[in-house]
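One structure is given here, and the rest of the page talks about it.
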Amino acid sequence: MLHLAASVCLIPLLVGAVLLLSGERLRALAAGSAIAGFGGALGVATYVAAHEWGKAGVGSTWAWFSIGKTAFSAGIWLDGLSRTMLVLVPLVALPVAVFAAKYLHSKRRYATFFGLLSVFVAAMLGLVLARDLLALTLCWEIVGFTSYLLIGFWMESEDAKRGARSAFLLNRLGDLGLFAAMGLLLAGYAGGGGAPLDLPSLLVGRAFFASQHVGLLPLAGAGLVLAAVAKSAQWPLTPWLPRAMAGPTPVSALLHAATLVAAGAYLLARTWPLLTDVLPLVATVGAVTAVWAAVAALGQTDLKKVLAYSTASQLGYVFVALGTGSPVAAALHLVAHAFFKASLFLNAGIVTHAVQHAATGALDAQDLRQLGGLRRALPLTFGAYCVAAAALVGLPLTTGFLTKEAVLAGAVTWAATRAPGIGPAWLVPDAALLTVFLTALYVARHGRLLFLGAPRGAFEVARVRESARREAPAALLLPVLALAALAVWGWLSPTSPFHLPADGGALARALHEAFNWSTVVPTPAEAAAARALPTGPAWLAWVSLTLIAVGLTLGLRGVGPAEGWAWARRPEAALGRFWTETGPRAALELARAVARFDEHSLDRQVLRLGKGVVIGAKLTGWFDYWIVDKGLIHGPACALAWLGRRLTTAPEAGVQTYYRWLVAAGLAAGAWLAL
């Protein structure tokens, strides 16, 4: 079964390698090959998940390489979390590929696009299956690099190139945290047992690290959080995500749904038992991002950037759930978000595709200020948008409602436990509730400017209707409808559309197993209680629905200008300038200051020291030559030689001279001995 799980990753990888190596020679087969690869991966993943559903985690390892006495291994790990993601990734990739086949049919580098897309999905599947942190990091980097190529796929566009660079560089900043975490965990490995960086061994042996290496786990956890913050575009590293919207729409859909930005949340979920000391930090980052990105969405005029900020805000919910001790709720919301967000992005693609063909003059098909009036021209697209938007807002009868309420319940329970009265902990659920209102407000504004009212740009609704034959082509529409259907509650909670089952349901039970790394065997009652999702107070759902109603009412009534609130753009614009202008400028000034210090201070001191060493060396050489060699060594030798010569000639000078020299030699020898 593990070999079948590995093939889920290998199928799209093989397709991608063939397409990239063949170039445009396989253009006619590119889309079909990618779709077949994703379909095959989905079929195998579904079979593996169904066969292993409800079972404990299983895995295998094999020797990889060794450094000195440390041997590293690679392997596969299948548990409830990885099985869920193993199905989710190709399930979203398949309709996105079907959409892209039609959407990009006339574009250049068609085969290259599907080759990159296949490798991108294969890397994400490898990340999901990785048993050890080193292999996970390898796949993590491939995901980042292929996303850079896909975001910048329109290489002729300056916006696309800037967006790709921004995504790549800010994600590399997060990678420093991942590398630091690996180094710390590897440093603490000695004596811990098991293979180094093997995730099951690390999770089971976390008590050893906590007791033997005090302070190691908090630092490693902070590094993992930094990596996840960058990859999932959480505050303060959010600016790269809206800039990435310059890439093709199918890339945006897949990137925001189940791959790149989901990878950060998956990393925290995968290593969640190691994050005990930094969970409050995770909750705080999630709460700040949820509000920050929702406010930024209110000020956007670009059709896709509103959805981009929405992704950052919704992933803030996931971080809040992880930080408040509800990892199952976090995973459920991550899965539900993938479906309705992919549907919304592809929906945006249909709108831009239809409006561009109906333009009567200069028109930016992604500018909300120039759209409107498309409800009757694209009725099925509008219906799919309403379903997916309802799930995003969190209205009843949708998966978004069920998972959002689980996240809110977990946050309120966590705050009540940490601060029974009033305390800072309550800022987290308060921020989550504020995000509920803001989400309803910007989604209603987005839908109103997009589909309702009259056209505001240089296009005619009649021409949209004519060009689309009252609807988008089936190859574009069916993926949107399929993903919107998955935003309905049925598959997540078959028994009730208004709340999850007491034990969370089959998916929640399977996910719980992935987070239960306790070495203590619980009683059946304790196990059942642990599986249950947090239950919030009775007033929570009513407060949430009231906030949604107020937000929808204000948004649909047109509160605020069509171009959005300027104040809502300022904080995010300032943050963006920090990363693109202020931060690099500060780094450049710091580099210049270091260079000046090196040139004017450090170099001078080193030069002076060098001169002193040279002078000292010359003095030492003079002393050695004239005092030691000439004076102390050669001097006595020359004196004795001279004395010897004089003594050998003494008899010729007479007896008195001989005795005179003999007495002088005796006195000299006595003086030498006295010294």
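For Asp367, nonlocal amide neighbours, meaning residues 5 or more places apart or on other chains whose placed amide H falls under 5 Å from its own, are Leu303.
In the range 14-95, Cα pairs under 8 Å separated by at least six residues give a relative contact order of 30 percent.
Averaged per residue, the range 135-177 has 42 square angstrom of accessible surface, using a 1.4 angstrom probe with ligands and nucleic acids left out. Classify the range 23-96: rounded, prolate or oblate, from the alpha-carbon gyration tensor (a ≥ b ≥ c, eigenvalue square roots; a/c under 1.5 rounded; otherwise prolate if a/b is larger than b/c)? Oblate, because a/c is 1.5 or more while a/b does not exceed b/c. Would the range 306-352 count as rounded, prolate or oblate if I go by the C-alpha gyration tensor, calling it rounded below 1.5 in a/c and otherwise prolate when a/b exceeds b/c, oblate otherwise? It is oblate, given that a/c is not under 1.5 and a/b is not larger than b/c. Calculated accessible area for the range 76-126 comes out at 21 Å² per residue, all protein chains present (probe 1.4 Å; ligands, DNA, RNA ignored).
Would you work out if the range 247-338 is rounded, prolate or oblate? Take a ≥ b ≥ c from the square roots of the eigenvalues of the alpha-carbon gyration tensor; rounded if a/c is under 1.5, else prolate when a/b is larger than b/c, oblate otherwise.
oblate
Report the normalised scattering of the range 5-65 as log10 I(q)/I(0) at q = 0.13, 0.23, 0.25 Å⁻¹, calculated by the Debye formula with identical scatterers on the alpha carbons. Values, matching the q order: -0.48, -0.91, -0.99.
The values are calculated or read from the model by the stated rules, or taken from the named source; none is laboratory data. Values in this document were obtained by computation on a predicted structure and should not be read as measured data. Quick note on the areas: whole protein, heavy atoms, side chains included, nothing else; ligands and nucleic acids left out. Shrake-Rupley method; radii C 1.70, N 1.55, O 1.52, S 1.80 Å.
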